[in-house]
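This report refers to the structure that appears directly beneath it.
The values are calculated or read from the model by the stated rules, or taken from the named source; none is laboratory data. Predicted model only: the values in this text are computed from it and were never measured. Using ideal geometry, Cβ is built from the backbone for each residue, glycine included, and neighbour counts are taken over all protein chains shown. The area values use the complete protein model at the heavy-atom level, side chains included, leaving out ligands, DNA and RNA. Shrake-Rupley method; radii C 1.70, N 1.55, O 1.52, S 1.80 Å.
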Protein chains: 4
Amino acid sequence: MIKAGIIGASGYAGQELMRLLVQHPECEIEAITSKTYKDKSFHQIYGNFMGITSKSCQALDMAHMAKEVDVLFIALPHGIASNQLTASILKDTKVIDLGADYRLKSQATYEKWYGVSHGSPDLLKQAVYGLCELNRDAIKQSTLIGNPGCYTTCSILTLAPLVKEKMIDVTSIIIDAKSGVSGAGRALHLGTHFTECNETIKAYKIAAHRHTPEIEQALSDDEQEVTLSFTPHLVPMNRGILVTAYAKLLKGYTYDDIKAVYEQYYHEEKFVRLLPQGIFPETKWVKGSNYCDINFEIDERTGRIILLGAIDNLIKGAAGQAVQNMNILFGLEEDTGINMIPAFPI
Amino acid sequence: MIKAGIIGASGYAGQELMRLLVQHPECEIEAITSKTYKDKSFHQIYGNFMGITSKSCQALDMAHMAKEVDVLFIALPHGIASNQLTASILKDTKVIDLGADYRLKSQATYEKWYGVSHGSPDLLKQAVYGLCELNRDAIKQSTLIGNPGCYTTCSILTLAPLVKEKMIDVTSIIIDAKSGVSGAGRALHLGTHFTECNETIKAYKIAAHRHTPEIEQALSDDEQEVTLSFTPHLVPMNRGILVTAYAKLLKGYTYDDIKAVYEQYYHEEKFVRLLPQGIFPETKWVKGSNYCDINFEIDERTGRIILLGAIDNLIKGAAGQAVQNMNILFGLEEDTGINMIPAFPI
Amino acid sequence: MIKAGIIGASGYAGQELMRLLVQHPECEIEAITSKTYKDKSFHQIYGNFMGITSKSCQALDMAHMAKEVDVLFIALPHGIASNQLTASILKDTKVIDLGADYRLKSQATYEKWYGVSHGSPDLLKQAVYGLCELNRDAIKQSTLIGNPGCYTTCSILTLAPLVKEKMIDVTSIIIDAKSGVSGAGRALHLGTHFTECNETIKAYKIAAHRHTPEIEQALSDDEQEVTLSFTPHLVPMNRGILVTAYAKLLKGYTYDDIKAVYEQYYHEEKFVRLLPQGIFPETKWVKGSNYCDINFEIDERTGRIILLGAIDNLIKGAAGQAVQNMNILFGLEEDTGINMIPAFPI
Amino acid sequence: MIKAGIIGASGYAGQELMRLLVQHPECEIEAITSKTYKDKSFHQIYGNFMGITSKSCQALDMAHMAKEVDVLFIALPHGIASNQLTASILKDTKVIDLGADYRLKSQATYEKWYGVSHGSPDLLKQAVYGLCELNRDAIKQSTLIGNPGCYTTCSILTLAPLVKEKMIDVTSIIIDAKSGVSGAGRALHLGTHFTECNETIKAYKIAAHRHTPEIEQALSDDEQEVTLSFTPHLVPMNRGILVTAYAKLLKGYTYDDIKAVYEQYYHEEKFVRLLPQGIFPETKWVKGSNYCDINFEIDERTGRIILLGAIDNLIKGAAGQAVQNMNILFGLEEDTGINMIPAFPI
């Protein structure tokens, strides 16, 4: 059994990780921490855990915890993990960070977009970006995984084959993304007060969302640098992300041309489902699962391709992918503990 | 492996049963039927099943199907099963009927409340009411299970100990129940059109809902006949039932007196969670699970007890309890395949 | 033109009052206050007022404000108004308090249920309970109106004729009420965070809600003292209250017997709509209006009557009724500025 | 008083028109029609009208109705109006068509996108496109108004100044639009069944929505032909449209440069609100009103401008704009009967 610790278990991503790990057949949870709910039983924080676990939240002592577990999941707001994690800790345990501190390769980019200084820039080089489908081999070797953001996971999986195969004009990419409110977490803000975000939709952080450089980094390579527009929107629903992406095709590709490329990238990927032509992703069909559904349409009038991708933001966009990374790190079947069928209607 | 068939797989209860059985470690689905979607692949009907199953829906031939399976789940509107099921079929397979045809013992009561004649009244005697926690021994011996309704499961579990122990005035019981819209099924009606039931609440079938006699039957016994008021309400959410029940206490019982009785009835029941004093059921804490959460408060000003119960209407109120019944029938651990932790926020 | 002031304009009731008064043909807003948003333009607090008003929120100086206005609306949490209002202020202006401080006649009852001492118990005697349909004559003469609570307005209008005419057993009354989330106000709490109250339903303040004594006071009189059970529930929608009330009929009254009584009480009331037999109130049909819809069903099996009432909690349950009170106080047509047709679907 | 008739009063747009016209001080409703609800009282179809109107729905006889009214509003699915309307009818009454039949100038374009032949192509020339802010002078002279679609109204108002002033590359325009479910009408479909569209988001009619040519026509002129990508999405809320539009700026314009142009176009327009820099449209702030809120951000990294626009789809996107057109046609103040402050939270 893999011994796991969760730092920041009382946030939504931490709680979802708890749910997945308690049910995981090859993992047991050794310890959990929460700053807000120190010494509280977990079922007092989340009533769904009534009768499920008697675990209580501890205060954070990362170095101590690292000695007791095989893998440490960190689910904290950005800027905290990078100030506590050390090379020494990484000798004691593997780390999967669900936060943003180890996703970007460039310290400067991180500091520009996040507005804080990075506490352990020396660790950035050894960190591996944990987008499992695209980075599996590097993940296997790693001890420090930067688990991707929710919008980024969906955006990258949706666009990567087209970009990598140089089928689109990479200066033309626009990502218009829509997320359920759980993506904003459990902390109280006026914008996520029920009566303020129910029955309305808005865009936010226009031309300024921090997932932008993360998507650009993953889509760029030595040959092409991708700069794109990314606009997130808040949708009155609990879970789910839908990405609508636009790009100019470099040639007059047909649906089948492009489908063939996507098949090549994803046909062996359990968690990517390419939908049949004419059927488009909806967040309801992936809810409660680790799947990413993808499809696209070619708009011949404009020469554009319009791509759609959908995930459950708390699973494939956070806790599920973290478990997938753990499975890869420890040589388990990649879908262990995360092969749930999406639930509907829920 | 238990071989199962599902008749009426394309309704919401049927689909939820598919989801649970596909993931059940001791069961395999042999055949499924749908009148509306005959010959359609299941994933064309429900996009969550994309990549999960290649099963298609057949036309219904109950007698033939019965020969091929160990257990037949029937998820049809009332009045159909009773016209097709026969003693002969019951020699070939066990039957768990998620509909209403085999829940009421009295043919007259059935015909009065449902307004149709019962097609196989001779089978009523051998049918067992499948409320697992209260009827486990009888279920074990049975070949025909009337799987309880959603409102009834929640109402009965919430009230049974008090009634059975004669602690309340049984003429004083009022059940005010609230359900998510999935309880109304997938058939199109103006009342369940999004813009007609979103952002509003209403009562319906006031003093006339068909689950009333089912609750009364389960709470009544040789010594006391229960007649009660039951009012269902439609709540703008996908899933969940909350029951608020009121009754006059026969004596000045304390919270602890009554808690002791509930503990006695349910402390060994995995799927009934008695909450700590002052913490009351909310549907969100049971969503996606087979749990029924229960608690109560004594109103000393009025001498009443107010009880709250919550379930996931499609799981404990339908497909989950059906699987629980199957597990009992076939001697499996009762929680096999249905021990999911409730998911939140979802 | 009536000059009005609003104290506490930045809460939901205050904002709704702003909306109604800005559109009111016989009233102009002289000044508004907000503690949280002092010196902010109102449209910065509520974006719907962009381009509508240039008013800014002042700090509270009740005595000064009273000299400048004809009517002062107070929309503050309980316990504040009673510590600031004085007999001297009431010489300068009429006061309509949307809070709870002047609703209960008994200082002791107020202090027991609200847990604070009342700051101006001497004013309680002159305060008039502003349920317009039942108290119109007293309101006309008054200078201090205790504007009723949302649950109470709906509960009292629904039950009053039956109680006053002594047709029900007053010890048997149960009110099971359901409210949209705007009733909880704009202050941030975990329970009204979107992902915590969306897609779920719960009861709260069971046997302990402060609207209970207010309902009991209004239904009681010298001849009968009413003690009842009241259970509020939080429903995932922005607006609306539905009341489901239960009581034992004292005799075998028919639907028409009771309808005749309700007609007698309400047939001249513009804002009470008695629905046709078999059609029951739904909150969607009153949203955006000052109406209270009412109907009932007799349950012959149990000898009970089940009554339904619905209002818009921010209009008839708060700001709309406050304007109705103002109209009465100043001799205007009672529906001036509040005769909006309910909007649907919204 | 203007005498008005409504053809198709029982759809959502027709009903909203009823609500606005019943409250309109200069208009009275002479007759209404409905195919589905012939001879039904309007309050039986829409419970909000209980006690408001005693009007019943007639069968449709357009020629007869035209003789009795000053203005005829047609709110029918596309393809019906064009087969019934004649030059002769237009001699008897002015017509405002809320449907799609008289919006496109080109018969060929109409027939290509709508897939039906146009029944009165000779009338297309005299029809005026009723986008009030851009077409006011032509509307004044007209007898036949093609009232714009909901998505189109919002898209055109948001983009027009930029396009007309030639500040963007017109081949680069992408419109990603999001609508509440009321836009889909009251007819029953699986996609608008509550449990199928609640808690989920999807795109639909990708690269194929019929509002596309309508937007292109309004933005194009003799000098530039606009071809753009338009993707509508269904959002789980009753009302509201948010448009997110993307385009390449032709030069390095600043926020103030562009704001000056928008001010020039809209500063005298009551129903267009240009929000302060950094504050972006949300549908909640326009709900229940005829406003269109607009703002934008310049993304210097990509050289794009991102524009946001929001309207209430049933008001500015349908019935409200129809009334605005009527006011223009009959020389009334343009905001008569439609100057409601947006309601919140609702």
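Do you know which of the residues in segment B:317-334 that are assigned to a loop (DSSP other than H, G, I, E, B) and not aromatic (Phe, Trp, Tyr) is farthest from the other protein chains (Cβ to nearest Cβ)? Let's see the steps before the verdict.
Taking segment B:317-334 and keeping what is assigned to a loop (DSSP other than H, G, I, E, B), we get B:330-334.
Then drop every residue that is not not aromatic (Phe, Trp, Tyr), which leaves B:331-334.
On the way: B:331: 23, B:332: 18, B:333: 15, B:334: 15 Å.
Among those residues, the one meeting the criterion is B:331.
Just to check your reading of the model, which residue among C:315, C:305 is open to solvent by less than 20 Å² (accessible area, probe 1.4 Å), under 12 Å from the mean Cα position of the chain (by Cα) and not polar (S, T, N, Q)?
Numbers: C:305 fails: under 12 Å from the mean Cα position of the chain (by Cα).
Just one listed residue meets the conditions, C:315.
For segment C:100-142, the set of residues classified as hydrophobic (A, V, I, L, M, F, W, C) and open to solvent by less than 50 Å² (accessible area, probe 1.4 Å) consists of C:100, C:104, C:113, C:123, C:124, C:127, C:128, C:131, C:132, C:138, C:139, listed by residue number. Of the residues making up segment B:167-198, those that are in a loop (DSSP other than H, G, I, E, B) and within 20 Å of residue B:306 (Cα to Cα) are B:167, B:169, B:170, B:171, B:172, B:173.
Residues considered: A:38, A:67, A:91, A:3. Of these, the only one that is farther than 30 Å from residue B:269 by Cβ, part of a strand (DSSP E or B) and of a type in the set (D, E, K, R) is A:3. If you go through segment D:108-141 and keep only what is closer than 16 Å to residue D:74 by Cα and polar (S, T, N, Q), you end up with just D:120. Within the group B:10, B:56, which residue is open to solvent by 20 Å² or more (accessible area, probe 1.4 Å) and among the polar types (S, T, N, Q)? Sole residue among the options that is open to solvent by 20 Å² or more (accessible area, probe 1.4 Å) and among the polar types (S, T, N, Q): B:56. Within segment D:186-206, take every residue that is touching a Phe, Trp or Tyr at 6+ places or on another chain (Cβ under 9 Å), open to solvent by 20 Å² or more (accessible area, probe 1.4 Å) and of a type outside the set (Lys, Arg) and give me the one that is nearest to the other protein chains (Cβ to nearest Cβ). So, considering only residues that are touching a Phe, Trp or Tyr at 6+ places or on another chain (Cβ under 9 Å), open to solvent by 20 Å² or more (accessible area, probe 1.4 Å) and of a type outside the set (Lys, Arg), the one nearest to the other protein chains (Cβ to nearest Cβ) is D:204.
Residue by residue, here is whether (1) buried (at least 22 other Cβ atoms within 10 Å of the Cβ); (2) more than 10 Å from every other protein chain (Cβ to nearest Cβ); (3) not hydroxyl-bearing (Ser, Thr, Tyr) holds:
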{"position": "B:173", "(1), (2), (3)": "yes, no, yes"}
{"position": "B:180", "(1), (2), (3)": "yes, no, yes"}
{"position": "B:208", "(1), (2), (3)": "no, no, yes"}
{"position": "B:221", "(1), (2), (3)": "no, yes, yes"}
{"position": "B:249", "(1), (2), (3)": "no, yes, yes"}
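Among the conditions (1) touching a Cys at 6+ places or on another chain (Cβ under 6 Å); (2) of a type outside the set (Lys, Arg); (3) more than 24 Å from residue C:271 (Cα to Cα), the only one that residue C:199 does not satisfy is (1).
Counting only helices (runs of 4 or more DSSP H) wholly contained in segment B:106-166, the ones carrying 3 or more residues that are farther than 30 Å from residue B:267 by Cβ occupy B:107-114. Hey, could you check segment B:13-36 for residues that are more than 18 Å from residue B:314 (Cβ to Cβ) and open to solvent by 10 Å² or more (accessible area, probe 1.4 Å) and say which is farthest from the other protein chains (Cβ to nearest Cβ)? Across segment B:13-36, the extreme among qualifying residues is B:30. Being surrounded by 24 or more Cβ atoms within 10 Å (Cβ to Cβ) and in contact with a strand residue (DSSP E or B) (Cβ under 8 Å, 6 or more places away or on another chain), is that true of even one residue in segment D:327-346? No, every residue in segment D:327-346 fails to be surrounded by 24 or more Cβ atoms within 10 Å (Cβ to Cβ) and in contact with a strand residue (DSSP E or B) (Cβ under 8 Å, 6 or more places away or on another chain).
Conditions (1) closer than 30 Å to residue D:304 by Cα; (2) in contact (Cβ under 8 Å) with a residue 60 or more places away in the chain; (3) touching a Cys at 6+ places or on another chain (Cβ under 7 Å), marked per residue:
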| position | (1), (2), (3) |
| --- | --- |
| A:221 | yes, no, no |
| A:240 | yes, yes, no |
| A:260 | no, no, no |
| A:285 | no, no, no |
| A:288 | no, no, no |
| A:306 | yes, yes, no |
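Residue D:227 satisfies every condition listed in (1) within 11 Å of chain A (Cβ to nearest Cβ); (2) free of Cβ contacts under 8 Å to residues at least 40 places away in the same chain; (3) over 23 Å from residue D:315 (Cβ atoms) except (2).
Quick one: in segment A:104-134, of everything that is without any contact (Cβ under 8 Å) to a residue 24 or more places away in the chain and aliphatic (A, V, I, L, M), which residue is nearest to residue A:315 (Cα to Cα)? Looking at the filtered set, the residue picked out is A:128. Scan segment B:254-277 and give yes if some residue there is within 12 Å of chain C (Cβ to nearest Cβ), open to solvent by 10 Å² or more (accessible area, probe 1.4 Å), of a type in the set (Lys, Arg) and over 18 Å from the mean Cα position of the chain (by Cα), otherwise no. There is no residue in segment B:254-277 that is within 12 Å of chain C (Cβ to nearest Cβ), open to solvent by 10 Å² or more (accessible area, probe 1.4 Å), of a type in the set (Lys, Arg) and over 18 Å from the mean Cα position of the chain (by Cα). Collect the residues in segment A:74-99 that are out of contact with any helix residue (DSSP H, G or I) (no Cβ under 6 Å at 6 or more places or on another chain) and open to solvent by less than 10 Å² (accessible area, probe 1.4 Å), keeping them in residue-number order. Selection gives A:81, A:82, A:85, A:95. Within segment D:135-147, residues that are over 19 Å from residue D:318 (Cβ atoms) have Cβ atoms under 6 Å from residues that are open to solvent by 10 Å² or more (accessible area, probe 1.4 Å) and assigned to a helix (DSSP H, G or I) in these pairs: D:140/D:328; D:143/D:90, counting only partners at least 6 apart in sequence or on another chain.
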